[in-house]
Amino acid sequence: DAGVIQSPRHEVTEMGQEVTLRCKPISGHDYLFWYRQTMMRGLELLIYFNNNVPIDDSGMPEDRFSAKMPNASFSTLKIQPSEPRDSAVYFCASTRGVSEQYFGPGTRLTVT
Amino acid sequence: AQSVAQPEDQVNVAEGNPLTVKCTYSVSGNPYLFWYVQYPNRGLQFLLKYITGDNLVKGSYGFEAEFNKSQTSFHLKKPSALVSDSALYFCAVRAHNAGNMLTFGGGTRLMVKP
């Protein structure tokens, strides 16, 4: 299995631009999670889906952030407009049921 | 609410010596407990988990962890450290009735010196 796939691996953008991060979970997994990692705040859960339905989005920082999962094999996290404080590494993870989560390699986002 | 504390930001150990990375948790009811490792510029990688049963859990790369309910701890251990074990380690907890949301600790950097 290829594992969780994220793209792009690195993204550099200017403040105010729209950013879209992409994730392909492991086939057969029914849960998908988006996390953000920063030095200051550590690893934060932003949102998670079960069977493509958002279950908990209480970690989404504000309305500038949105996430979708149109099908079982694809999810996006969008930031519009982006701000310098959004600079972080964003991870996608997936799992089947209540098992351990498998993380992707992350997208390093830099907003200038 | 559930929470995890990793009281040490960094642990230093000499290669060949035993290592311990500490984790304590707070959760309502019975916990699911996990350890993950993160190497530079990589995602988190699952090491081991405690769900139920034997308090001593064995995982990948020779790591093990002991669940202690009375002390609400789940310390990660390895009998003989390798330089290649140097990485960032995260403990995580989820209550049995808390959906599928993991709460992670702040991470502990393990430095193994030759």
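The values are calculated or read from the model by the stated rules, or taken from the named source; none is laboratory data. Computed from a predicted model, the values in this text were never measured in an experiment. Cβ coordinates were reconstructed from backbone atoms using ideal geometry, including for glycine residues, and neighbour counts include every protein chain displayed. Just so you know, the surface numbers come from the protein's heavy atoms only, side chains and all, with ligands and any DNA or RNA stripped out. Shrake-Rupley method; radii C 1.70, N 1.55, O 1.52, S 1.80 Å.
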field: Relative contact order, percent, chain A [alpha-carbon distance under 8 Å, six or more residues apart]
entry: 37
query: Using modelled amide H (1.01 Å from N, peptide plane; none on Pro or chain starts), what sits under 5 Å from the amide H of A:ASP30, excluding residues fewer than 5 places away?
result: A:THR95, A:ARG96, A:GLY97
query: Per-residue accessible area for A:ARG22 at 1.4 Å probe radius, Å² rounded to 10?
result: 100
- request: Please name whichever of B:GLY106, B:HIS96, B:LEU48 sits farthest to the positive end of the charge dipole of chain B, dipole taken about the Cα centre and charges placed at Cβ: Lys and Arg +1, Asp and Glu -1.
  value: B:HIS96
statement: With all protein chains present, region B:47-113 has a carbon and sulfur share of its accessible area (1.4 Å probe) in percent of 52
- request: Taking the Cα centre of region B:12-85 as origin, work out the dipole magnitude from +1 charges on Lys and Arg Cβ and -1 charges on Asp and Glu Cβ, in debye rounded to 20.
  value: 140
- request: Give, rounded to the nearest 20 debye, the magnitude of the charge dipole that region A:45-112 has about its Cα centre when Lys and Arg contribute +1 at Cβ and Asp and Glu contribute -1 at Cβ.
  value: 220
Radius of gyration, Dmax [chain B; alpha carbons; angstrom]: 13.5, 44
- line: Result for region A:2-109: accessible area per residue, probe 1.4 angstrom, in square angstrom, of 48
statement: Note to self: with every protein chain in place and a 1.4 Å probe, region B:61-106 gives an accessible area per residue in Å² of 41
message: Only four residue types carry charge here, +1 at the Cβ of Lys and Arg and -1 at the Cβ of Asp and Glu. Report the dipole size of region A:1-45 about the Cα centre in Debye, rounded to the nearest 20.
response: 80
- prompt: How much net charge surrounds B:LYS58 when only the other residues with a Cβ under 13 Å from the Cβ of B:LYS58 are counted, with Lys and Arg +1 and Asp and Glu -1?
  reply: 0
- prompt: For region B:74-114, what relative contact order do you get, as a whole percent, if you take Cα pairs closer than 8 Å and at least 6 residues apart?
  reply: 47
query: HN-Hα J couplings of region A:72-79 from phi, Karplus 6.51/-1.76/1.60, θ = phi - 60°, integer Hz, Gly and Pro as x?
result: 5, 10, 7, 9, 10, 10, 10, 10
